[in-house]
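Just so it is clear, none of the values below were taken in a lab; they were calculated from the coordinates. This one's a predicted model, so the numbers in the text were calculated from it and none came from an experiment. Quick reminder, even Gly has a Cβ in these numbers, built from the backbone with ideal geometry, and neighbours come from all protein chains shown.
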Amino acid sequence: MEHYDDVAVFIGLDVGKSEHHAVALTRDGKKLYDKPLPNTEAKIISVLDQLAEHGPALLVVDQPATIGALPVAVAQAHGVLVGYLPGLTMRRVADLHPGEAKTDARDAFIIAETARTMPSTLRSIKVADEQIAELSMLCGFDDDLAAQITQVSNRVRGLLTQIHPTLERVLGPRLDHPAILDVLQRYPSPGELRRAGQKRVAARLLKRAPRKGGAWAQEIFDALDQQTVTVTGTNAASIVLPRLAKQLSELRQQRTDIASEVEKIVEAHPLHPVLTSMPGVGVRTAARLLTEIVGKHFPTAGHLASYAGLAPVTRRSGTSIRGEHPSKRGNKVLKRAMFLSAFAALRDPESRAYYDRKIAQGKRHNQALIALARRRCDVLHAMIRTGSLYQPRTQSETALAA
């Protein structure tokens with residue numbers, strides 16, 4: 001880490017909700033502090049001032065965001081160098097220390113001792129960019145909304161399958177459309193749909209689905225004709241379904257609203273034109289790239305691929321075990337963003353040619369996409385490093401590469 005040679009006090013902080021545990025060591029390993037530290041600005045400042053008497057300090061945390069955000073912000077505001085010890089590294093280093101106890105005091109000591117003896121394991125934490133901080137919070141909320149949408153959608157599909165499986169096969173795959181959710185709120189049971197009639201249901205669908213409403217109404221009534229019995233529990237389902245449909249509609253609207261806010265922040269960031277010039281990178285992907293990459297140092301594209309969990313892992317042992325496998329480590333949020341953007345980029349001729357080449361080599365769909373995502377890491381790293389826009393190959397170059 002930068003300025004490491006000037007550090008005289010190494011502070012390890014095992015963060016917690018109401019209080020942290022802090023351990024401070026001198027450069028020669030003498031313990032200066034080993035106490036719980038309340039998660040308040042005044043207490044944190046008091047301890048930092050106390051330890052500053054021994055010289056420049058380095059504060060190292062195991063969680064720089066969420067519950068560890070306040071001590072990081074306070075330390076940065078007071079000119080204290082701040083570092084981050086990744087969780088995986090923390091667990092590996094812990095195995096080198098005697099004992100199997102899992103206590104806050106032990107973890108804080110291990111963090112401080114690692115900072116003192118193995119500074120290469122630390123990552124720098126720069127003063128948070130306001131745009132990135134806002135994006136992180138909004139993207140986290142968007143993830144929560146997406147999870148809730150999946151949960152509610154599955155619940156709706158489960159109820160429909162229980163009372164009318166054929167109708168579920170028509171409505172279930174279309175729960176992302178507001179017209180279907182509107183019909184479910186107005187006519188939440190097979191009986192109410194029949195009483196309304198195909199013409200009225202079609203008219204309601206056409207308000208929000210002008211091109212598909214008529215065809216969907218026909219499919220709904222074809223499905224209704226295939227079941228004449230009323231399943232036990234249908235009445236209760238007709239009470240629950242409109243509420244679930246309304247909840248699902250509100251969740252989708254919230255996600256749309258959040259997307260608009262994310263788009264404003266992403267478009268205002270200097271890297272926006274660089275990131276979105278790459279095929280398959282939209283607003284949501286660009287937001288994820290900003291929150292997971294900006295502020296971190298990756299010397300090479302290989303470092304970025306490793307951090308994203310996209311670098312293949314080679315396994316060899318004599319002549320019996322040979323091969324390469326996808327990594328199960330890395331930043332899962334970044335890995336998912338790169339994977340999905342690679343899938344979206346299959347419309348791009350150059351990306352498609354590379355994907356097809358991997359399929360021809362015997363790789364399965366997901367393997368070929370991961371290979372494409374890894375290749376795109378090289379391009380992305382160069383674009384961010386130089387600030388240059390994506391430059392597609394000419395058609396002849398793409399044909400030769402394929």
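Being in contact (Cβ under 8 Å) with a residue 40 or more places away in the chain and among the small types (G, A, S) is a property that A202 lacks. Of the residues in region 200-242, how many are β-branched (V, I, T), surrounded by 12 or more Cβ atoms within 10 Å (Cβ to Cβ) and within 22 Å of V152 (Cβ to Cβ)? Looking only at that region, the number is 4.
A count restricted to region 42-87 and to residues that are touching a Pro at 6+ places or on another chain (Cβ under 6 Å) and not in a helix (DSSP H, G or I) stands at 1. Candidates in region 248-306 are the residues that are in contact with a Cys (Cβ under 7 Å, 6 or more places away or on another chain) and small (G, A, S); of these, the one that is nearest to M137 (Cα to Cα) is A287. Of everything in region 24-41 that is part of a loop (DSSP other than H, G, I, E, B) and within 37 Å of the chain's Cα centre (by Cα), the residue that is nearest to L13 (Cα to Cα) is N39.
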